[in-house]
Amino acid sequence: MDAAERPLIPATMLYRFTVDCRRFDGKWDSQCGFELDEAYRLPDFSHLDGERPFADVRGGWSAEGLWFTADVSGKQQTPWCRSTQVLDSDGLSLWIDTRDTHNIHRASRWCHWFVCLPAGGGTGRNQPFASMLKINRAREFPRTFSGFKMSCASSIRADGYSLAVHIPSASLDGWNADEHRRIGFNYALRDRERGWQTLAIGPDYPIAEDPALWQTLQLVE
């Protein structure tokens, strides 16, 4: 959609979306990560604002943490990724609030920001790279920040790439799937060639730092 055709207020600002996230009982494979079938596909609400998705994003949960996959297609260029320039690289950002708090505009200790790149790591910049970032203007940072762990696997094709990401429960401050079945959530795929794909509200708004703009994942069996 051209800028001149965009409404003053995007449709996704008018709603708060709740998405079912199904239990996943699989395990991490050091070679290929894991796979989530069609039942784990996350909807794309940005189409309400005329955006066209270029990736299939899926998510699951277990007592061991959260599991996400992203498959990006339709590319003609190799992903541009640098571990030293994470926010300029092609890759996936995930925001998690383990308390699903939507009435604050500055992140609490329960709010996390994870980034996974399909390449950019290793001495040859050909390995996937994962990082946890500090949220701008946060009141507190997660206690897990200094010792976070995260698994990321990737496969790069001629027309795109796929990612598999596992965020262990030990890296999620306040994670308790038995007591808290609703978590705040947002994702953004950033691509120099294809642009942005988000769950709902786009990058014209401060989605990287304002939990009130995130949506909700409901953990279901």
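Things worth noting here:
- Normalised contact order of the chain, rounded percent, pairs of Cα under 8 Å and 6 or more residues apart: 27 percent
- Of E179, E140, E209, the residue with the greatest mean-square motion in the GNM of the chain, using alpha carbon springs below 10 Å, is E179.
- Within the accessible surface of the chain, defined with a 1.4 Å probe on protein heavy atoms only, the carbon and sulfur portion equals 46 percent.
- Solvent exposure of segment 1-93 as accessible area per residue, Å², 1.4 Å probe: 57 Å²
- Each peptide in 80-87, 212-219 gets a packing score, the mean of other Cβ atoms within 10 Å over its residues, and the list from highest to lowest is 212-219, 80-87.
- Paramagnetic label zone (point 7 Å from Cα along Cα-to-C-beta, R182; backbone N under 17 Å) in segment 197-221: 211-221
- Ranking by accessible area, most exposed first, for Y40, Y205, Y15 with a 1.4 Å probe: Y15, Y205, Y40
- Among the GluC sites (Glu not before Pro) in segment 1-99, those placed in a DSSP loop whose Cβ has at most 16 other Cβ atoms within 10 Å are E35.
- Its Cα centre serving as origin, the chain has a Cβ charge dipole (Lys and Arg +1, Asp and Glu -1) of approximately 640 debye.
- Where F54, F141, F45 fall by accessible area, highest first, once all protein chains stay in place (1.4 Å): F141, F45, F54
- Linear extension gain, E38 paired with S73, 0.36 nm per residue minus alpha-carbon span: 10.9 nm
- Normalised contact order of segment 75-119, rounded percent, pairs of Cα under 8 Å and 6 or more residues apart: 46 percent
- Solvent-accessible surface ranking, highest first, for D37, D100 at 1.4 angstrom: D37, D100
- With the whole protein complex present, S169 retains an accessible surface near 40 Å², based on a 1.4 Å probe.
- In nm, spacing of pseudo-spin labels at R139 and I9 (7 Å Cα→C-beta vector): 2.6 nm
The values are calculated or read from the model by the stated rules, or taken from the named source; none is laboratory data. Keep in mind the model is a prediction, meaning the values are calculated, not measured. Counting neighbours? That spans all protein chains shown, and the Cβs are built from the backbone with ideal geometry, glycine included. These area figures cover heavy atoms from the full protein model, side chains too; ligands, DNA and RNA do not enter into them. Shrake-Rupley method; radii C 1.70, N 1.55, O 1.52, S 1.80 Å.
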